[in-house]
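What follows is a short report on a single structure.
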Protein chains: 2
Amino acid sequence: MTMRLLLISNSTNAGEAYLDYPKHNIHDFLGEKCVKCLFIPYAGVTVTWDDYEKKVKNRFNEVGHDIVSIHHFDDPVKAVEEADCIVIGGGNTWKLLHDMHANKLIEPIRKKVLGGTPYIGWSAGSNVTCPTLMTTNDMPIIDPLGFDALNLIPFQINPHYLDKKVEGHGGESREDRILEFIEVNREVYVAGLREGCMFVVEGDKMRIIGQRNLRLFKYGEETREIAPTEDFTFLLKKPMI
Amino acid sequence: MTMRLLLISNSTNAGEAYLDYPKHNIHDFLGEKCVKCLFIPYAGVTVTWDDYEKKVKNRFNEVGHDIVSIHHFDDPVKAVEEADCIVIGGGNTWKLLHDMHANKLIEPIRKKVLGGTPYIGWSAGSNVTCPTLMTTNDMPIIDPLGFDALNLIPFQINPHYLDKKVEGHGGESREDRILEFIEVNREVYVAGLREGCMFVVEGDKMRIIGQRNLRLFKYGEETREIAPTEDFTFLLKKPMI
């Protein structure tokens, strides 16, 4: 079976309704027949899991699909093993990865998705498909019990990639931060995925949906812009370490 | 001996020269007689330690003081034990804490500073005086070998505290991120220290230098603004856990 991933930069564009802009892409990815997805709400910190589930369920229902949250299952590993699609929402990546580790879900999800069960993630949920969580923008509010993530793709996504800084602010830009990452992690590509954009991975093929370029970083290479129309499947090649 | 800390939010205000705005405060803190400080450059990632030392040395020299970087010493622990003042510069907090742990410097610095050796930090160098690094804004480019930091003060500083977001960006604001932190870490105060501001701690007394309010967060309490003229020594009281 072919691995299938829909990796969305951000749930919500500024000023729009929650998870509104990518709903038709979610529909296209899942197809016409209603899929009841397993939803993992662990990244939600200042929202209850019930409320989080409700928000996501409403949007999936709008496009003819459905979700049920993993917190309703007594055995989360079994819930993963029996899922028809796995959906991981955004929030705090540290909290998400902590709960995935604490519930021993990393290997089961990895195995399941490599076996062909479709996967949809946004923001933190896209970040955790990378080798590690190390290109997150989130505050480390909890020890994640290890930085290793699902390692479904061999490069790092920086979701919500942002070009600008707040005017008059002296702190680092997003680019500054990623340049620090590649200085210390020299083998790994970092894809700055701007808001409104998403990756679709199907086996050894990958494309971008969205109108904005990818910004690509690697140690020893010039940082560059890649248009959605260009070929960037080379990102799926495992780096030699 | 009384513990003495100068904890600066940011080295440099936007558009100004490196470490320029706080140089007179550094002078006031160290006094008239030249102090040769031990400088810890570990947070520097995209700058060599020699270059980082040079930049900081130039500014300290301007106000009649001096530094030497710890990377010139064969025995960093001994260098700390013999220091007249410890200065930790900004950069990446994860890299800084990693190198502090790897060189086994946490306990020696803590002991030395509790014993009365003055301490100056900015940005990451202020963050590591807190119980943990968990209110950093930096990208986790390396496993820090433990989130625990110097624990010289019992509350968390968020340096470079920022009110605004980039317009049109859907990602979290700084306030959103800190609200996530206090949801999970309910006993701890977080002080959002705006750029251009610094704490001066002398024993059980603390004041702010700077023109801007502190923004104070704690679980179960209304988030509030504290003017530099107000009394906030309660922050130095250890929380009951």
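Of the residues contained in region A:53-60, one or more are found to be more than 22 Å from A:Arg194 (Cα to Cα), surrounded by 15 or more Cβ atoms within 10 Å (Cβ to Cβ) and acidic (Asp, Glu). Looking across region A:1-42, the residues that are open to solvent by 50 Å² or more (accessible area, probe 1.4 Å) and not in a loop (DSSP other than H, G, I, E, B) come down to A:Arg4, A:His24, A:Asp28, A:Lys36.
Scanning region B:173-189 for residues that are aliphatic (A, V, I, L, M) and facing chain A (nearest Cβ under 10 Å) yields B:Ile178, B:Leu179, B:Ile182, B:Val184.
Between B:Asp66, B:Asp84, the distinction of being open to solvent by less than 60 Å² (accessible area, probe 1.4 Å), more than 12 Å from every other protein chain (Cβ to nearest Cβ) and touching a Lys or Arg at 6+ places or on another chain (Cβ under 8 Å) belongs to B:Asp66 only. Among residues belonging to region B:141-160 that are at the interface with chain A (Cβ under 8 Å from one of its Cβ atoms) and part of a loop (DSSP other than H, G, I, E, B), point out the one that is farthest from A:Val184 (Cα to Cα). Selected residue: B:Phe147. Per the conditions (1) more than 13 Å from chain B (Cβ to nearest Cβ); (2) open to solvent by less than 10 Å² (accessible area, probe 1.4 Å), the sole criterion not satisfied by A:Asn127 is (1).
Per the listing A:Asp163, A:Asp138, A:Asp231, the residue uniquely facing chain B (nearest Cβ under 9 Å) and more than 19 Å from the chain's Cα centre (by Cα) is A:Asp163.
When residues in region A:136-162 are screened for being in contact (Cβ under 8 Å) with a residue 60 or more places away in the chain and in contact with an Asp or Glu (Cβ under 8 Å, 6 or more places away or on another chain), 3 of them pass.
Checking region A:198-219 against the condition returns no match, with no residue being within 11 Å of chain B (Cβ to nearest Cβ), touching a residue at least 12 places away in the same chain (Cβ under 8 Å) and closer than 26 Å to A:Leu114 by Cα. Of everything in region B:100-116 that is surrounded by 15 or more Cβ atoms within 10 Å (Cβ to Cβ) and touching a helix residue (DSSP H, G or I) at 6+ places or on another chain (Cβ under 9 Å), the residue that is farthest from B:Leu193 (Cα to Cα) is B:Asn103. Scanning region B:163-186 for residues that are assigned to a loop (DSSP other than H, G, I, E, B), buried (at least 19 other Cβ atoms within 10 Å of the Cβ) and either touching a helix residue (DSSP H, G or I) at 6+ places or on another chain (Cβ under 9 Å) or touching a residue at least 60 places away in the same chain (Cβ under 8 Å) (or both) turns up just one, B:Glu172.
Return the residues of region A:143-155 that are within 22 Å of A:Gly44 (Cα to Cα) and buried (at least 21 other Cβ atoms within 10 Å of the Cβ); say none if nothing qualifies. Across region A:143-155, the qualifying residues are A:Pro144, A:Ala149, A:Leu150.
The values are calculated or read from the model by the stated rules, or taken from the named source; none is laboratory data. This one's a predicted model, so the numbers in the text were calculated from it and none came from an experiment. All Cβ positions, even for glycine, are placed from backbone atoms using ideal geometry, and neighbour counts span all protein chains on display. These area figures cover heavy atoms from the full protein model, side chains too; ligands, DNA and RNA do not enter into them. Shrake-Rupley method; radii C 1.70, N 1.55, O 1.52, S 1.80 Å.
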